[in-house]
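Heads up, the thing below is written out as structure tokens.
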Amino acid sequence: MTVTTVTRQDVIDFLYTEAKILDEWRLKEWAALFTDDGTYDIPPLGEPDADPRKYLYFAHDTRERLEERAERLLKKEAHVEYPHSTTIHNYNNILVTNLDSDIITVECNFTIHRTKREVMDTFIGKHFYEIVQQDDEFAIKNKRVVLHLDSLRPHGKISLIL
Amino acid sequence: MEQFIQDNVEKSEFLVNRKVFTDREILARERAEIFNKCWLFIGHDTEIPELGDYKRKNVGGRNLIFIRSQDGEIRALFNTCPHRGALVARENEGNSRVFRCFYHAWSFKNDGELVGMPGQDGFPEGFNDEGTKNMKAVKRVESYRGFVFVNYDPDAISLDEYLGNAKEYIDLVADQSEYGLEALGGVQEYSVRTNWKLLAENSVDLYHGMPTHKTYFDIKQDQDPDLKKVKLEGEGVELDNGHAVIEYVAPWGRPVAQWTPIWDEELKNDMEKMKERLAERFGEERADRIANYNRNMVIFPNLIINDIMAVTARTFYPTSPGYIEVSGYSLAPKEEKESHRMARNDNFLEFLGPGGFATPDDNEALELCQEAYNNNTEVEWNDISKGMWRGAGNALATDEVQMRNFWRQYNSRIQESLKKEAVQE
């Protein structure tokens, strides 16, 4: 079997697809983008490499937890997101490295807008991905969301998936 | 005189006028009568363990430097240069023997004493003999079991007296550890578009648990099919000076120490040992209370200590009637081992904080209250009557006695100031 050659553009298309899935609230599909041991992390502000034992994260999700997160947000009783907010996930300045390795690494800037009840909040920062190939498809092994904010004000919450 | 609460014991009805959530003049009065006079939480002493460690804190509208000075004393310095007023410390935290204002380069020791300024020949000898050019410190800084408070009223009663019988409940939290609790890094700084008193209420409200947090309990139910065997049951207690607590059993796991099936056997064994040790230290009954009972406590006006699926402290300040800045802490035993700490932190994040599965829904509820107070002119009163008919000392944890205690304290402070003005006029 030949190893499928992937290009930088393939990786970028995968990220844009993830962003589209999130903006369309297809959250179960989003969780399915992760490997069985996939993780989703949002470290504390200003401490991107914080030890999760000593620091309080905003999210430190195992695959199981991120699936619960996705499923919860689709319920009517996830009040903060019912009715669903409108979101736009913009990814740019995408740098793909280790394209030939088992784990492809990507960093990109993001600007994510969320609007609900006529209030818009904007989240900015950097995403760091570890992406692997399984069954000829990409899967996310880790997504790390490093917010470039001084505080969660006036956002107040990270109820959406970033 | 205008009444903000209706406390009708005969009718078992307790009402709060919604104006207190929206009125700017009331907020000004709260600043003067509550935030300028009550003991306010500034931080935990483990946030600044070493000499020279500091953190910037906003407390009651002031910019403070929370610092362990070189003499070992914990101080709260007003973060403003005595010269022309610029903010002196500009980094959020660090360790420093000296602070230097960048504007004219006046330098201060970390207890606030002025130690140098350029162009000294322009000032007379003995210019700072009275110490008026030192960075000013909050006069009253006192602590209880690691929780450090400031008070802007130099004549305030002592913290010890102020906390009163709430200390008993702080002890139950702190006694989880033999070596003391420590604050984790990454204090969560967020906001809610709501009035500050609504978060005080919500933080000690068990009544909303099931309807507001159904999605959390759904997840818990999946994790543990026997979950429903433990109900949310307990009592609500009025404490001194407007403080209050609910104490109850709940189905979730508690790091110290109520095991739950999502945790492994090793943790189960550890927790059994922890309980044995607690029983050695405090006897069976108190050990059971420490390990298996949850506590949501409000220290009037705005410190919450919730000892639930993890231990969180939370404080919050209004910048307007409809907007608050919240700081959320996690506290844990210093000696906790790694696997145990991870279980605790996972437990915390599953429910609490801006990215948790519950806190954002709380905040949504509070924001919807605030939004709907646009109808205040026609729909004036909130109802806080639950459990009132049961009579004093019989309140359940799912009742609202703890909020009524908060509101009675609130009302007496506000009414007292209105009375004084009426006399003067």
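Here, each number is a calculation from the coordinates, and none is a lab measurement. Predicted model only: the values in this text are computed from it and were never measured. Ideal geometry is used to build each Cβ from the backbone, glycine not excepted, and the neighbour counts take in all protein chains shown.
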Cβ neighbours within 10 Å from other chains - mean over A:43-54: 4
Cross-link partners of B:LYS231 among lysines (Cα-Cα below 16 Å; sequence separation of 8 or more within a chain): B:LYS214, B:LYS220
B:TRP39, B:TRP381 arranged by Cβ crowding within 10 Å, fewest neighbours leading: B:TRP381, B:TRP39
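With the cut-off at 29 Å, tell me which of the pairs B:LYS57/B:LYS268; A:LYS76/B:LYS228; A:LYS28/B:LYS386; B:LYS109/B:LYS139; B:LYS55/B:LYS167; A:LYS157/B:LYS268 have Cα atoms farther apart than that.
Values: B:LYS57/B:LYS268 38 Å; A:LYS76/B:LYS228 22 Å; A:LYS28/B:LYS386 40 Å; B:LYS109/B:LYS139 17 Å; B:LYS55/B:LYS167 26 Å; A:LYS157/B:LYS268 33 Å.
From the list (B:LYS57/B:LYS268; A:LYS76/B:LYS228; A:LYS28/B:LYS386; B:LYS109/B:LYS139; B:LYS55/B:LYS167; A:LYS157/B:LYS268), the Cα-Cα distance tops 29 Å for B:LYS57/B:LYS268; A:LYS28/B:LYS386; A:LYS157/B:LYS268.
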Computed magnitude of the charge dipole of chain B (debye, nearest 20; Cβ of K, R +1, Cβ of D, E -1): 840
The protein assembly as shown: Cys lacking any partner C-beta under 4.7 angstrom: A:CYS108, B:CYS38, B:CYS369
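Between A:HIS148 and B:ARG145, what FRET efficiency follows from the Cβ-Cβ distance if R0 is 56 Å, with the result rounded to 0.05?
Calculated value: 0.95.
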Anisotropy class of region B:40-144 from Cα gyration tensor, a/c 1.5 cut: prolate
Alpha-carbon spread of region A:55-162, three principal axes, descending order, Å: 45, 29, 28
Those lysines that a straight Cα-Cα span of less than 18 Å connects to B:LYS334, excepting residues fewer than 8 apart in one chain: A:LYS54, B:LYS273, B:LYS275
Region A:49-63 residues near the modelled A:VAL132 label - backbone nitrogen below 19 Å, point 7 Å along Cα→Cβ: A:61-63
